[in-house]
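The values are calculated or read from the model by the stated rules, or taken from the named source; none is laboratory data. Computed from a predicted model, the values in this text were never measured in an experiment. So basically every Cβ, Gly included, is an ideal-geometry build from the backbone, and we count neighbours across all protein chains shown.
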């Protein structure tokens, strides 16, 4: 498992076998396997002063897991990150139990940290449209930037999914996406996205150094566009559109989901479009929609109990 780095070697054959299992049998991406490796390394670092190690997992107890989470909390680590690390440990010990390497799972009975109910940041429809119609140079780079933004907002792709696309993944008005866990899904393209991508592909050759490059989106050096470059593109388009806030690629995905639900799309369909494994992940967008509905009700309904003086001036 060279992709996990040299430090994981000291965790021993069990961790190496587990990471290989994630990569080969589960089909997880290199980035996901590295995240699991980092979580195991951090827990092992915590255990070392206690004369424990993941090389001897049968000696790890539930108290060790709880103490590890308490230490992360003391360091003010985000609860989402704490939950992810606990999930990594759960998966590791589940793997060990399945192979009868340990008899007890020390993560059993350890509760997930209570998550802060943060709602996704979204653009309103006018802001999203302004971004898609930002005044940029009709150069190959400009056409690429608009095609990328239109794809993120028009089809709700994750930025990693978008930059991983090859030319042959696009088929007229559909795109084949490799999602999390290498799960493939087919996503429709909006009419605007079809036009943007077609115009960009016509000029894409001007960005290439190697004509064998199959990436749909390429950078100025002719190689596959990376996430950092894509983030800069989205931020630049938002600035060109005069938006008053910082915009990142995932905000376009959030906006896609929210605007679909506001327009009457059903939750299951949006779940499939986004590639969410659990419906509960998609349901957070319904809270945003409900907030908008309540504001409209409070500002318009004569029996809502909200007086003119109580209203937010911006809502009038």
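Against the list (1) surrounded by fewer than 22 Cβ atoms within 10 Å (Cβ to Cβ); (2) assigned to a helix (DSSP H, G or I), the condition residue 200 fails is (1). Assess whether residue 152 counts as being in the same structural domain as residue 187 (by TED's automatic domain parsing), out of contact with any strand residue (DSSP E or B) (no Cβ under 8 Å at 6 or more places or on another chain) and closer than 27 Å to residue 257 by Cβ. So residue 152 fits the description; yes. Yes or no: residue 71 more than 30 Å from residue 161 (Cβ to Cβ), free of Cβ contacts under 8 Å to residues at least 40 places away in the same chain and outside any helix (DSSP H, G or I)? No; evaluated as a whole, the condition is false for this residue.
Number of residues in region 1-44 that are surrounded by fewer than 13 Cβ atoms within 10 Å (Cβ to Cβ), modelled with pLDDT of 85 or more and part of a helix (DSSP H, G or I) equals 3.
Across region 183-196, the number of residues qualifying as at pLDDT 90 or above and assigned to a loop (DSSP other than H, G, I, E, B) comes to 0. Close Cβ contacts (under 9 Å, 6 or more residues apart or on different chains) running from residues in region 144-171 that are without any contact (Cβ under 8 Å) to a residue 12 or more places away in the chain to residues that are assigned to a strand (DSSP E or B) and surrounded by fewer than 21 Cβ atoms within 10 Å (Cβ to Cβ) comprise 171/186. Mind listing whichever residues of region 152-182 are part of a helix (DSSP H, G or I) and either over 15 Å from the mean Cα position of the chain (by Cα) or within 15 Å of residue 215 (Cα to Cα) (or both)? Within region 152-182, 154, 159, 160, 161, 162, 163, 167, 168, 169 qualify. If you check residue 120 against the conditions, is it at pLDDT below 90 and either over 17 Å from residue 247 (Cβ atoms) or in the same structural domain as residue 239 (by TED's automatic domain parsing) (or both)? So residue 120 does not fit the description; no.
Selection of region 74-110 for residues being more than 20 Å from residue 21 (Cβ to Cβ), within 23 Å of the chain's Cα centre (by Cα) and in a helix (DSSP H, G or I) yields 79, 80, 81, 82, 83.
Applying the criterion of being part of a helix (DSSP H, G or I) and touching a residue at least 40 places away in the same chain (Cβ under 8 Å) to the residues of region 206-228, the residue that is farthest from residue 274 (Cα to Cα) is 206. If you check 57, 113, 49 for being surrounded by 14 or more Cβ atoms within 10 Å (Cβ to Cβ), over 24 Å from the mean Cα position of the chain (by Cα) and not assigned by TED's automatic domain parsing to the domain that holds residue 193, only one passes: 57.
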